[in-house]
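Undergrad: Below you'll find the structure I mean.
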Amino acid sequence: MRAEFPDFRLGNVLATSFTGTLSERHGDAVERIPTPQRLIDWLAVYGLAVDSCSTAQLGLARELRESIHAAATAAALQEALPASAVRVINDCSAQGRAAAILTPEGKRQWQLSSASCVEDALSVIAADAISIIAGERDGRLALCASPSCQAAFFDTSQSRTRKWCDMNTCGNRQKKARFHANQRSDPSSAE
């Protein structure tokens, strides 16, 4: 019988979606890539398919994830980037053999060869993180307003005032909590 794994929280930005493979960092943490196969599954969702993943490669992926999270958090808070996180991101970026290709729709897409490995896919994620943290893309890094989450996310909304990493999870949870708190403090509203 196959163990049930938590669903992936998919976003439009590769690097911050990757950091979302560990959610609720300040609450009951949810690991969404607990096994090498789950990392393979996540990479495939983002067009970075690889055939295999070792336990050591999963460890490298998690190290990159935490480094991106640390650097993105520092950037969102306008603090100095942690040197160790920068080193991991740069090392992963330099290791890969992915090619940027242009789609017929005029979009950039990353392509791995049939012989690509996890490190090649991680280099794409690292390169995406570099472009976001360096401020090369239109948007801003922000931190989720949920006290149990506080995930770094890339806000591309028109006003750049988004508060939640994901409205369907953190945003709804916070709105429900606020609603229930208001119900408890005003008993006449329950009538």
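Undergrad: Which residues, taken from segment 141-161, are farther than 17 Å from residue 10 by Cβ, surrounded by 16 or more Cβ atoms within 10 Å (Cβ to Cβ) and at pLDDT 85 or above?
TA: Across segment 141-161, the qualifying residues are 141, 142, 143.
Undergrad: Every residue in segment 116-134 that is touching a residue at least 40 places away in the same chain (Cβ under 8 Å) and either open to solvent by 30 Å² or more (accessible area, probe 1.4 Å) or over 17 Å from residue 16 (Cα atoms) (or both), please.
TA: 116, 117, 118, 119, 120, 130, 133, listed by residue number.
Undergrad: Name the residue, out of 113, 148, that is touching a residue at least 12 places away in the same chain (Cβ under 8 Å) and more than 20 Å from the chain's Cα centre (by Cα).
TA: After applying the criteria, what remains is 113.
Undergrad: When you go through 115, 80 one by one, which is the residue that is of a type in the set (Gly, Ala, Ser), at pLDDT 85 or above and either part of a helix (DSSP H, G or I) or more than 19 Å from residue 11 (Cα to Cα) (or both)?
TA: Values: 115 fails: at pLDDT 85 or above.
From the options 115, 80, the qualifying one is 80.
Undergrad: What is the number of the single condition among (1) in a helix (DSSP H, G or I); (2) loosely packed, with under 11 Cβ neighbours inside 10 Å that residue 138 does not meet?
TA: (1)
Undergrad: Report the residue count in segment 1-24 for those that are under 28 Å from residue 157 (Cα atoms) and either more than 17 Å from the chain's Cα centre (by Cα) or open to solvent by less than 50 Å² (accessible area, probe 1.4 Å) (or both). Spell out how you get there, then give the answer.
TA: Kept after step one, since they are under 28 Å from residue 157 (Cα atoms), are these residues of segment 1-24: 6-24.
Now drop any that are not either more than 17 Å from the chain's Cα centre (by Cα) or open to solvent by less than 50 Å² (accessible area, probe 1.4 Å) (or both), which leaves 6, 8-9, 11, 13-24.
Matching residues across segment 1-24 total 16.
Undergrad: Give the number of residues within segment 97-110 that are part of a loop (DSSP other than H, G, I, E, B), within 17 Å of residue 14 (Cβ to Cβ) and either among the aromatic types (Phe, Trp, Tyr) or without any contact (Cβ under 8 Å) to a residue 24 or more places away in the chain (or both).
TA: So the count comes out to 2.
Undergrad: I'd like the residue in segment 42-74 that is small (Gly, Ala, Ser) and open to solvent by less than 30 Å² (accessible area, probe 1.4 Å) and, out of all such residues, is farthest from residue 108 (Cα to Cα).
TA: Here is the first cut: in segment 42-74, the residues small (Gly, Ala, Ser) are 44, 47, 49, 52, 54, 56, 59, 61, 67, 70-72, 74.
So of that shortlist, the ones also open to solvent by less than 30 Å² (accessible area, probe 1.4 Å) come out as 61, 67, 71-72, 74.
Details: 61: 23, 67: 25, 71: 24, 72: 22, 74: 27 Å.
Checking each candidate, the answer is 74.
Undergrad: Out of (1) modelled with pLDDT of 90 or more; (2) surrounded by 13 or more Cβ atoms within 10 Å (Cβ to Cβ); (3) of a type outside the set (Ser, Thr, Tyr), what's the single condition that is false for residue 30?
TA: (1)
The values are calculated or read from the model by the stated rules, or taken from the named source; none is laboratory data. Please read these numbers as outputs of a predicted model, since none were measured by experiment. All Cβ positions, even for glycine, are placed from backbone atoms using ideal geometry, and neighbour counts span all protein chains on display. Surface accessibility is based on the protein's heavy atoms, side chains included, excluding ligands, DNA and RNA. Shrake-Rupley method; radii C 1.70, N 1.55, O 1.52, S 1.80 Å.
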